[in-house]
Amino acid sequence: MNPFSYERAADAAAAIGLAKGNAAARYLGGGTNLVDLMRETVERPEMLVDVTGLPHGIEPRADGGLLIGASATNTALAADSHVRTHYPLLARAILAGASAQIRNMATVGGNILQRTRCRYFYDTAAACNKREPGAGCDARDGFNRYHAILGASPACVATHPSDMCVALAALDATVHLDGPDGPRSIALADLHRLPGDRPDIETELKPGELIAAVEIPPLPFARRSTYRKVRDRASYAFALVSVAAALDLAEDGTVRDVRLALGGVAHKPWRASAAEAALKGRPANPESFRAAAEVELAAATGLRDNGFKIELAKRTIVAVLGDLTGDEA
Amino acid sequence: MSAHSDAAASRPGRWQPAVTQDPLLRKHGAQGSGALGQPVSRIEGPLKVQGKARFAAEFPYEGLCYAALAFSTIPRGRITALDTAAAEAAPGVVLVMTHRNAPRMKAPSLMMSSPTAAGASDLPVMQTDEIHWNGQPIAVVLAETQEQADYAASLVTAGYAPLPAVTSFDEARKTPRQLDNILGQPPVVEIGDAEGALKGAAVQVDQIYRTPRHNHNAIELHAATVAWTGDELRVHDASQLLDLTAGQLADIFGLEADKVRVSSPYVGGGFGGKCLWDHQILACAAAKLAGRPVRIMLSREGVFRIVGGRTLTEQRVALGASADGRLDALIHTGIAAMTAHNSCPEQFTFPTRHLYAAKSVRLAQEVADMDMLANTFMRAPGESVGTFALECAIDELADKLGLDPIELRRRIEPEKDPTSGKPFSSRHLIDAYEKGAERFGWERRSKAPRQRRDGEWLIGMGCATATYPYHRFPGGAARIRLTAGGQVTVSTAVHDMGMGTATAQVQHIAARLGVPLDNVTFEYGDTTLPRGVIAGGSTQTASIGGAVIAATEVFVEELLKLAGNDSPLAGLSLADVETRDGGIGHRDDAARFESYESILRRAGRGELVCEAEAPPPAEMEAFSMHSYGAQFCEVRVSEITGEVRVSRFLGSFDAGRILNAKTATSQFKGGIIMGIGLALTEETNFDPRTGRIVNASLADYHVPVQMDVPAIEILYTDIPDPQAPMGARGIGEIGITGVGAAVANAVYNATGKRIRDLPITLDKLM
Amino acid sequence: MGNALMNFTINGQSVEVEADIRSSLLDLLRNSLGFTGTKKGCDQGACGACTVLVDGERINSCLALAVQYQGRSITTVEGLGSDGTLHPLQQAFVEHDGFQCGYCTPGQLCSAIGMAREIERNIPSVVTADLSADSVAVDETELRERMSGNLCRCGAYNGIVEAISETLGKMQEGARA
């Protein structure tokens, strides 16, 4: 681990002030990803600004939505009664991630900004355009079981590992940022980037910006929602494919509205907008679900080890929507 | 004062392996042997649950410095540039050692090549600019703190002149090599014309099975704390071969053997991996160069880079059977990847040599040399993956024959060892199957696949045979010390990595000497004790048993001498007496008895110390000796995602007498759980482009977690093996054998799909 | 950069120590303070051997920079029992053979105690069927999922769950007290 200085910020303004103009400064949340990457020398910050003292409240909004301080822990968010009642897909997504210990440490802001678990990104002996732009990508023709089937580029086939973000993407969450140029907001779905030719630039954050809060708009039908994670062991493993879904059925059994997002398939949490559009107004049955999944995965391409994820994603979409249809909660 | 055995003498009453039985078997059930088999809790348990058991990296030393390693990033070639300046200039750095300034050291010798050889590889360690595998240590940094050492190690940079390297198994297998022997056994066994018989058989199975590389991944990272005092070397290691490590280190550094002391009272899991690798040697060398004590603890990546694992195999099993389920042909051949510098060919044909009767047999295995880290022994080397292939094929044959797989095994049960022709010392495999089947509810298994489901989950059952050979290593000794107060201490330089050695031996010694458990101390884990055997090959318990029997004989003879003519024991010899009730008594005359304390008191002795070495393992020459088991598995397989969950598991074992019901059950379960990992989740990804292990972390190498493991039930026959000390065969490794096949066969029963490539990941079932 | 003077409460005792700012809480405990009961198995949050309790919550001390945890109350395995008496869970681990080599055990114990408190506080897990329930319906599956952050390579998983099942009530009384 490189030497660094450590500062604890009392509030967002202080944190931004400390990091301002210092490209080698990083905001430190729970540290569950950053400390790991520092130990691997993938991350080499010269200054850590501890932002765990920033707001961590989880507050229902008058409109029925929810405002979440970025320093709320993953556990706190999953355990929040409003989340459990109104956004069960979010609680389940968080709880499907990592271990209880890590969820106790990890913050909402840190979870959003965690980096890929691609082993070639972690191994400084391997070629990785994300770690070292222009170096090449050893994953493309290497072990790529966990890699992207959607939105990948020749430069990078890594996936975003978060479970929580998949649910947030489905919920149309907004991320409130703060930074040297003042506060601004961005849709979570727009925060993470596809790799293109600059996989090293992973988000739309500007230098010195931090995540202050996440806001989830009201979505009454999200009471009927869930998250399913498919992985290589029964717990404590990253997703091969995951599906977050909320379903709103009309009286006649057709889909009035639906939210669908995929994890483990792309460089960002993948909002399945095409599938959603294909489903609206259609009968809520396996044939419609499958057709929508086909639309969403039409552009998917497999690599040496991960081609199965295309069919797995389709099947999991169908299964999750089927569960939501059958469950008259 | 110490009395030693006269190994050449063969006096009446002495245990003669293969001729007489361990006298303890005679005492079975009698008073004094009551401690044997009881579920005694681990004697070191309270220390472990309080965090007070001190592991290798936890010994403090004045002036201790911390080590970190830098690793090569090419598989083969020469180092052309090695820049250590930045590391040397980093804060807190004490020393940067490379091949340029490392002390001159002899190369390790390959394990089994001599009585002190402990090398997993015989390559010299940091002596030249040559690179032999991707991940080879190229520099050792010592610093005042671990943080400083790690940082400085990250600053070491190297340039290389690469040489052509074989890092693809597909390439390597084009030029296979036939070894002279496979762990002392012939590499090829042929009885009759098996290929011809296969062609002519009424029913045939002929399949290829593949198993990947595995890593032990004991949770304790490999570590050592080492200190020199003059030419004396003190090593706190995490070791399953103490005496070999001490002897090998003495050889490497040119020391007298008694100048090296290695201890390892607690080991955080071994499974074959806690042997002598480069890190202990490098720590000793760096400590010598720096003149300071050194602690080295590998990172998890470091463990993957420099501690070898189980190699990959490709196996063919072909079975030719008559319609009534007799084997006309039994063929098991294949190839495993290996290096030119190690001694571990992964003996996957071994189970097939002893399990089933067949009219003709062909067994052969070859190796394919690769430029990689030396592979090594990992829990049930050979048998773990060999039984996967064999027992899947047997299941496939049963299916083709329309026979229940247990009934098929009943029909091919041999009367004597099918390849050696030797009698079995004790074999109750079919008993184990029958008891296990009844308890598991095997009759509820549907013969045809895909018959049971619960929603999206298909449910199936499978079974497979477990087997592992009995071995007793020669060369181990034990010392018995008896005090006037009746306290007994038995000492031998063996290991307890969690197998329950110490607890079972306390029970064994209490039973053998007829003293209460509380009066017994078992000393182990230190090379200052009488020479012990390695903890490997499920041999330790029997090997200790042999040494303790021998020491007990000397002990009894010495006590009879001390008892003299005024004792009720006057005139009796070893053959006439037994140990019981805290003393020695006539076997057939309850009145002729004198307690140990009385004998010592009358002789005016404060203590008696006896030491003896185990007699050679003649029983292994005379008999075919193996443990057996029947593994039963129920799986649930998602028809949607292909996810497999083991929902029930039962292991029914025939492993001789069980010395401790609690710790033995844990050994069996632990093996089964590692077998579930082998079946479903574990695979070391070796990149054929670079020869580098890609998933060198516990996040990416998936050992089973709690959620992967159901409640497991264990049964055992508890039938003593008449040829084994205590009647006990080893139990450390058999648990993992057969599990891969039991799971795969259950998956077939659930889904109708045969998966012949491990691990059975969900993509193979979609 | 460099070192910093840090303060903690460890097992009820105030501790002041100068340590490298880069030190993880795990390395600080083991190397600077001699609390070697807490174990290192991966140093990357993938095994749980380093689990300790911080203000009663279980965390992986290998991923925790010590400097970030100043002023907090840390409980390690050494602090579970009292005056030579084993904590009921420690006793149950011995009785049910919830370990073999014993290396993951301190982490398992701290994790289980933290888990008991999480259940007491009605924190759900991914296998909790009814997220809106007022309390967690504890069964074996709940315990297994919640303990899946603690690897045991010896495979003492059954004994661990048995020991926890037997002791859970007592641990929750302890957490309420």
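The values are calculated or read from the model by the stated rules, or taken from the named source; none is laboratory data. Computed from a prediction, not measured in an experiment: that's the story for all the values here. Here the Cβ is made from the backbone with ideal geometry for all residues, glycine too, and neighbour counts use every protein chain on show. Please note that ligands, DNA and RNA were not included when accessible areas were found on the heavy atoms of the full protein model with its side chains. Shrake-Rupley method; radii C 1.70, N 1.55, O 1.52, S 1.80 Å.
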| message | Looking at the structure I just gave you, is A:L89 open to solvent by less than 30 Å² (accessible area, probe 1.4 Å), touching a strand residue (DSSP E or B) at 6+ places or on another chain (Cβ under 8 Å) and within 11 Å of chain C (Cβ to nearest Cβ)? | response | yes
| query | Only one residue in A:D200, A:D257 is outside any loop (DSSP other than H, G, I, E, B), surrounded by fewer than 23 Cβ atoms within 10 Å (Cβ to Cβ) and acidic (D, E). Which one? | reply | A:D257
| request: Name the strands (runs of 3 or more DSSP E) wholly inside region B:55-112 in which the number of residues that are of a type in the set (G, A, S) and surrounded by 21 or more Cβ atoms within 10 Å (Cβ to Cβ) is 2 or more. | output: B:65-71
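Here is a yes/no grid of residues against (1) out of contact with any His (no Cβ under 9 Å at 6 or more places or on another chain); (2) on the phi < 0 side of the Ramachandran plot; (3) outside the structural domain of B:A68 (by TED's automatic domain parsing):
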residue	(1), (2), (3)
B:S121	no, yes, no
B:M126	no, no, no
B:D129	no, yes, no
B:G135	yes, no, no
B:E144	yes, yes, no
B:S154	yes, yes, no
B:A158	yes, yes, no
B:A172	yes, yes, yes
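So that you can scan it fast, the table gives a plain yes or no per residue for (1) within 28 Å of A:N74 (Cβ to Cβ); (2) assigned to a loop (DSSP other than H, G, I, E, B):
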site	(1), (2)
A:P133	no, yes
A:A139	yes, yes
A:A148	yes, yes
A:D181	no, yes
A:D190	yes, no
| note | Residue hits (region B:280-334; open to solvent by 10 Å² or more (accessible area, probe 1.4 Å), in a strand (DSSP E or B) and over 30 Å from B:G192 (Cα atoms)) are B:R295, B:M297
| message | On the basis of being out of contact with any strand residue (DSSP E or B) (no Cβ under 7 Å at 6 or more places or on another chain) and closer than 23 Å to A:T52 by Cβ, does C:Q100 make the cut? | response | no
| request: Go through region B:661-678 and give me each residue that's out of contact with any strand residue (DSSP E or B) (no Cβ under 7 Å at 6 or more places or on another chain), open to solvent by less than 10 Å² (accessible area, probe 1.4 Å) and under 25 Å from B:S41 (Cβ atoms). | output: B:T663, B:A664, B:G670, B:G671, B:I673, B:M674
| said: For region A:12-20, check the following and say yes or no: at least one residue is in contact with a helix residue (DSSP H, G or I) (Cβ under 9 Å, 6 or more places away or on another chain), of a type in the set (V, I, T) and either outside any helix (DSSP H, G or I) or more than 8 Å from chain C (Cβ to nearest Cβ) (or both). | reply: no
| message | Tell me yes or no: at least one residue of region B:555-567 is among the aliphatic types (A, V, I, L, M), in contact with an Asp or Glu (Cβ under 7 Å, 6 or more places away or on another chain), part of a helix (DSSP H, G or I) and more than 23 Å from B:R657 (Cβ to Cβ). | response | yes
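Here's the yes/no breakdown for (1) open to solvent by 10 Å² or more (accessible area, probe 1.4 Å); (2) farther than 21 Å from A:R282 by Cβ; (3) part of a strand (DSSP E or B); (4) within 14 Å of chain C (Cβ to nearest Cβ):
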{"position": "A:K206", "(1), (2), (3), (4)": "yes, yes, no, no"}
{"position": "A:I211", "(1), (2), (3), (4)": "yes, yes, yes, no"}
{"position": "A:V214", "(1), (2), (3), (4)": "no, yes, yes, no"}
{"position": "A:F221", "(1), (2), (3), (4)": "yes, no, no, no"}
{"position": "A:R233", "(1), (2), (3), (4)": "no, yes, no, yes"}
{"position": "A:A244", "(1), (2), (3), (4)": "no, no, yes, yes"}
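Each row is one residue, and each column tells you yes or no for (1) under 17 Å from B:Y66 (Cβ atoms); (2) over 12 Å from the mean Cα position of the chain (by Cα).
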residue	(1), (2)
C:G34	yes, yes
C:T51	no, no
C:I59	no, no
C:Q68	no, yes
C:G84	no, yes
C:T105	no, no
| query | Among all residue pairs at least 6 apart or on different chains, which show Cβ distances below 6 Å where the first residue, located in region B:304-316, is of a type in the set (A, V, I, L, M, F, W, C) and the second is assigned to a strand (DSSP E or B)? | reply | B:F304/B:I693; B:L312/B:A337
| task | Please work out which residue is nearest to B:G436 (Cα to Cα), limiting yourself to region B:600-632 and to residues that are acidic (D, E) and open to solvent by 10 Å² or more (accessible area, probe 1.4 Å). | result | B:E621
| Test: residue in region B:156-166 that is open to solvent by 60 Å² or more (accessible area, probe 1.4 Å), free of Cβ contacts under 8 Å to residues at least 60 places away in the same chain and in a strand (DSSP E or B) | no
| Residue selected from region A:118-128 under the condition open to solvent by less than 40 Å² (accessible area, probe 1.4 Å) and either touching a Gly at 6+ places or on another chain (Cβ under 9 Å) or farther than 21 Å from C:G45 by Cα (or both), by the criterion farthest from the other protein chains (Cβ to nearest Cβ) | A:C128
| task | Inspect all residues belonging to region B:679-687 and state whether any of them is within 17 Å of B:A380 (Cβ to Cβ), under 21 Å from the mean Cα position of the chain (by Cα), at the interface with chain C (Cβ under 10 Å from one of its Cβ atoms) and buried (at least 24 other Cβ atoms within 10 Å of the Cβ). | result | no
| task | Might you let me know whether region B:484-494 holds any residue that is part of a loop (DSSP other than H, G, I, E, B), modelled with pLDDT of 95 or more and of a type in the set (V, I, T)? | result | yes
| Among (1) in contact (Cβ under 8 Å) with a residue 24 or more places away in the chain; (2) part of a loop (DSSP other than H, G, I, E, B); (3) more than 20 Å from C:N60 (Cβ to Cβ), the one test that A:T32 misses | (3)
| message | Would you confirm, using the coordinates I've provided, whether B:I208 is buried (at least 22 other Cβ atoms within 10 Å of the Cβ) and among the hydrophobic types (A, V, I, L, M, F, W, C)? | response | no
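Can you tell me which of A:R115, A:R131, A:R140, A:R145 is open to solvent by 10 Å² or more (accessible area, probe 1.4 Å) and under 30 Å from A:G57 (Cβ atoms)?
Among A:R115, A:R131, A:R140, A:R145, only A:R115 is open to solvent by 10 Å² or more (accessible area, probe 1.4 Å) and under 30 Å from A:G57 (Cβ atoms).
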| request: Run down B:A194, B:A149 and say which single residue is among the small types (G, A, S), in contact (Cβ under 8 Å) with a residue 60 or more places away in the chain and within 13 Å of another protein chain (Cβ to nearest Cβ). | output: B:A149
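Might you check whether a residue that is at pLDDT 95 or above, polar (S, T, N, Q) and open to solvent by 10 Å² or more (accessible area, probe 1.4 Å) occurs anywhere in region B:634-649?
Looking for residues that are at pLDDT 95 or above, polar (S, T, N, Q) and open to solvent by 10 Å² or more (accessible area, probe 1.4 Å), one finds at least one in region B:634-649, hence yes.
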| task | Would you point out the residue of region B:196-205, among those that are in a helix (DSSP H, G or I) and either open to solvent by less than 60 Å² (accessible area, probe 1.4 Å) or touching a helix residue (DSSP H, G or I) at 6+ places or on another chain (Cβ under 9 Å) (or both), that is nearest to B:I331 (Cα to Cα)? | result | B:L198
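State whether one or more residues within region B:710-725 are within 14 Å of chain A (Cβ to nearest Cβ) and surrounded by fewer than 24 Cβ atoms within 10 Å (Cβ to Cβ).
Checked region B:710-725: at least one residue is within 14 Å of chain A (Cβ to nearest Cβ) and surrounded by fewer than 24 Cβ atoms within 10 Å (Cβ to Cβ).
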| task | Go through (1) open to solvent by 10 Å² or more (accessible area, probe 1.4 Å); (2) part of a loop (DSSP other than H, G, I, E, B); (3) within 14 Å of chain C (Cβ to nearest Cβ) one by one and return the number of the condition A:P45 breaks. | result | (1)
